[in-house]
Amino acid sequence: MSANVSTFDVALVTASTFPECLPDEKLLADALASRGLRAGPVIWDDPAVDWSRFRLALVRTAWDSDRRRDEFVAWADRAGAHCPLWNPPEVLRWNTHKGYLRELEARGVATVPTVWLERGSTPDMKALLAERGWTDAVVKPTVSAGARDTLRVRKPEDIPAAQSLVERILPLKDMMVQPYLSSVEGYGERSLLFFGGEHTHAIKRPAALSGNPDYDATAAEPAPSAEDERTFARQVLAATGRELLYARVDIARDEKGGLRLMELEATEPNLFLRQGGPRAVDRLADVITHKARGR
Ligand SMILES: Nc1ncnc2c1ncn2[C@@H]1O[C@H](COP(=O)(O)OP(=O)(O)O)[C@@H](O)[C@H]1O
Ligand SMILES: [Mg+2]
């Protein structure tokens, strides 16, 4: 997809570690080309880029943003002052720390029960898990992606590793502890995609912590959403009180089959456009075109 960045109308924002985006973004670029807009990958922290050249910038595979969150959100504020950036800088700042889940829960969204561990705190993991009665639990950073530094504690022998993990990460970042929802195996974590508020497609994702050594965070199979999942996902989007050009609502079922928000991905989700097919690609391209021409 490489071309001269300065000729693009639409920047597909990516990372220097991922300079070409995914084949999915090539589908999007083709759909935009047929609407008269040139689109291609632009590296977010490339100092040579003049963001005022673009009609619109769309955050895509900026997959180092979790490791460099402060720099990334500061970049978004700067770039967003020069061209329409989606999702907006304020959304990117809000969505790159999983503390947004607390806010959504306060607005009535069912999330996964969570103990929030503040940066700088020194919890005793054995005591914490015993107090909650969680015999199968997950410890993860609040700023993460692709299950980085995410650990499952399924037996007492796993507790020392969890203790080491919090002692390594908590000096730097907030963390969270949750019960393990076993429905992510079998029924699977379900991701519902929305472009300009319209639900286009859904996929089923493999479980990251089931012990499968071949886990691939980018793998997914098309799986139609259930009606209760669609209703739930729309409730999540409404609870944000924000306009999202793209959003992925990641849902898991609890032990009673109830829906729980695992994550609302409004920063750099894999949009699984190949699985979504032409309807999804066209809808996304239409929404981008509308926004880009509105300038
Ligand atoms: N409470 C949980 N129960 C079961 N699986 C979990 C839980 N939390 C995380 N996981 C697994 O770890 C993956 C990554 O966690 P997630 O919260 O989505 O963070 P991120 O995708 O930002 O790394 C999930 O897709 C899921 O497979
Ligand atoms: Mg996730």
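The values are calculated or read from the model by the stated rules, or taken from the named source; none is laboratory data. Just so it is clear, the structure is predicted and the values come from calculations on it, not from any experiment. As a convention, Cβ positions derive from the backbone with ideal geometry for all residues, glycine included, and neighbour counts pool all protein chains shown. Quick note on the areas: whole protein, heavy atoms, side chains included, nothing else; ligands and nucleic acids left out. Shrake-Rupley method; radii C 1.70, N 1.55, O 1.52, S 1.80 Å.
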Residues 146, 188: which one is more than 24 Å from residue 257 (Cβ to Cβ), within 13 Å of ligand 1 (Cβ to nearest atom) and of a type outside the set (A, V, I, L, M)?
146
Hits in segment 51-79 - residues which are under 21 Å from residue 248 (Cβ atoms), small (Gly, Ala, Ser) and more than 16 Å from ligand 2 (Cβ to nearest atom):
57, 76
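Okay, residues lined up against (1) in a loop (DSSP other than H, G, I, E, B); (2) aromatic (Phe, Trp, Tyr); (3) touching a strand residue (DSSP E or B) at 6+ places or on another chain (Cβ under 8 Å); (4) surrounded by 20 or more Cβ atoms within 10 Å (Cβ to Cβ):
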residue	(1), (2), (3), (4)
162	no, no, yes, yes
193	no, no, yes, yes
199	no, no, yes, no
208	yes, no, no, no
224	yes, no, yes, no
228	no, no, yes, no
248	no, no, yes, yes
Within the bounds of segment 268-288, is there any residue that is open to solvent by 10 Å² or more (accessible area, probe 1.4 Å) and within 13 Å of ligand 2 (Cβ to nearest atom)?
yes
Which residue is farthest from residue 89 (Cα to Cα), if the candidates are limited to segment 248-259 and must be out of contact with any Pro (no Cβ under 8 Å at 6 or more places or on another chain) and either within 13 Å of ligand 2 (Cβ to nearest atom) or in the same structural domain as residue 61 (by TED's automatic domain parsing) (or both)?
252
What do you reckon, is residue 147 farther than 30 Å from residue 78 by Cα, open to solvent by less than 60 Å² (accessible area, probe 1.4 Å), in contact (Cβ under 8 Å) with a residue 40 or more places away in the chain and not assigned by TED's automatic domain parsing to the domain that holds residue 75?
no
Return a yes/no flag: does segment 138-160 have any residue that is farther than 24 Å from residue 184 by Cβ and out of contact with any Gly (no Cβ under 7 Å at 6 or more places or on another chain).
yes
Could you check segment 130-147 and list, in sequence order, the residues that are at pLDDT 95 or above and closer than 27 Å to residue 66 by Cα?
136, 137, 138, 139, 140, 141, 142, 143
Counting just the residues of segment 164-176 that are more than 21 Å from residue 95 (Cβ to Cβ) and open to solvent by less than 40 Å² (accessible area, probe 1.4 Å), which one comes out farthest from ligand 1 (Cβ to nearest atom)?
170
Considering segment 164-191 alone, what residues qualify as being assigned to a strand (DSSP E or B) and over 18 Å from residue 115 (Cα atoms)?
189, 190, 191
